Amino acid sequence: MKLLTPFQLGNIELKNRMVMAAMTRSRSVSDGMATDLMAEYYAQRASAGLILSEAINISADAVGSPFTPGLYTDAQVQSWKKVTDAVHAQGGKIFVQLWHTGRVAHSVDRNGALPVAPSAVKIEGMQHFTSQGAKDFETPRALTVAEIKQTIADYAQAAKNAMAAGFDGVELHAANGYLPQQFLSDSVNLRSDEYGGSVANKARFTLEVMDALIAAVGGEKVGIKISPLHPYAGIAFDDPTETYTYLINELNKRNFAFVELMKRSPMFPLLPHYPADDEIERFGKLVKQTLMAGTAYTRDSGEAELEKGIAELIAYGSSFLANPDLPRRFELNAELNAPDRATMFGGGEHGYTDYPALG
């Protein structure tokens, strides 16, 4: 199987082409520290060619959800060392996913501070999971240009902190409705300054963050996750093909490791004016870096995607959650454990470290 063959990613060799996708599990403690249980969880899944960590807050201002970890204090950095050490002890590789939630947040988990966003546009039609239960979203506060510059600096510092914590690299989370995609989006970004208006201006934030990450840790240790047609959290584009063609062409001018292209989740209907063809065909063919494809792949569909020759890595989410030995199960074509959705977010070892491996 091509899925099980080695792959050279930047300056690291992956033992296979199966990537454990970043998945929020909400098992951190209130101070954003990584725990011993989290170290066990990631080490169990070190047979992945590459692990992408759960999304990790780059600053206190980036926090959007309870029980999610951070990488902006010395104590948090030290706590992640036990995770990276555990993964490396099992022969694994792990990148950190850098996260700023923007308006996908609530003040009850931000010490009373309103969420921030490119513009003061509220998420409608859905609620947010908070430490006090589901709540309607609030109208965020629009970032000033000075605050945007500080946020970019926060990303760079978090990347440096990731290196100090022993991660093998960093991935910018620019998908799923979070801050970079909010800047890109026509439905959220109503600015008229250098960070709004034209497609180029709306892409400026994401590109400046990528430049900062590359400068901080070296391009061979940097990736980015994008989701062009995924409408989560009220993200919409007048013309997603125009926006993402521009973004990808600009990214192609930069030297870095990979682009993770997330396909639209089947749980979300396609917006009426969006193209209905395959995202990997439409956008993946434009990418000059290593392409990682993700969303709802199986053993067979992942192998078929690699055989097409556009993507070189396949990201698996809930399959890795429920099957710590997923590459071995694929090798043997063995039955898979089913993920328990009731235990995905929050809690302890149940539904986290107690999924059985073969044998």
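With the requirement that a residue be open to solvent by less than 40 Å² (accessible area, probe 1.4 Å) and part of a loop (DSSP other than H, G, I, E, B), what does the stretch 224-264 give you? Scanning the stretch 224-264 gives SER227, PRO228, LEU229, HIS230, PRO231, ILE235, ALA236, PHE237, ASN252, PHE256, ALA257. Mind checking whether some residue in the stretch 103-121 is part of a strand (DSSP E or B), touching a helix residue (DSSP H, G or I) at 6+ places or on another chain (Cβ under 7 Å) and either touching a residue at least 60 places away in the same chain (Cβ under 8 Å) or surrounded by 24 or more Cβ atoms within 10 Å (Cβ to Cβ) (or both)? Yes.
Please verify whether PHE7 is aromatic (Phe, Trp, Tyr) and either touching a Ser or Thr at 6+ places or on another chain (Cβ under 7 Å) or on the phi > 0 side of the Ramachandran plot (or both), treating the condition exactly as stated. So PHE7 does not fit the description; no.
One residue stands out in the stretch 29-54 among those that are touching a strand residue (DSSP E or B) at 6+ places or on another chain (Cβ under 8 Å) and of a type in the set (Ser, Thr, Tyr): the one that is farthest from LEU306 (Cα to Cα), namely TYR42. When SER30 is tested against the conditions (1) touching a Gly at 6+ places or on another chain (Cβ under 8 Å); (2) free of Cβ contacts under 8 Å to residues at least 40 places away in the same chain, the lone failure is (1). Scanning the stretch 17-49 for residues that are polar (S, T, N, Q) and open to solvent by 20 Å² or more (accessible area, probe 1.4 Å), we see that the one that is nearest to GLY302 (Cα to Cα) is SER47.
When the residues of the stretch 130-143 are filtered to those that are at pLDDT below 95 and either assigned to a loop (DSSP other than H, G, I, E, B) or surrounded by 18 or more Cβ atoms within 10 Å (Cβ to Cβ) (or both), the one that is farthest from the chain's Cα centre (by Cα) is GLN132. Put simply, of ALA164, ALA216 the only residue that is open to solvent by 40 Å² or more (accessible area, probe 1.4 Å), aliphatic (A, V, I, L, M), touching a residue at least 12 places away in the same chain (Cβ under 8 Å) and over 23 Å from ALA142 (Cα atoms) is ALA164.
The values are calculated or read from the model by the stated rules, or taken from the named source; none is laboratory data. All values reported here derive from a predicted model rather than from experimental measurement. Cβ coordinates were reconstructed from backbone atoms using ideal geometry, including for glycine residues, and neighbour counts include every protein chain displayed. Protein only, heavy atoms only, side chains kept; ligands, DNA and RNA dropped before computing areas. Shrake-Rupley method; radii C 1.70, N 1.55, O 1.52, S 1.80 Å.
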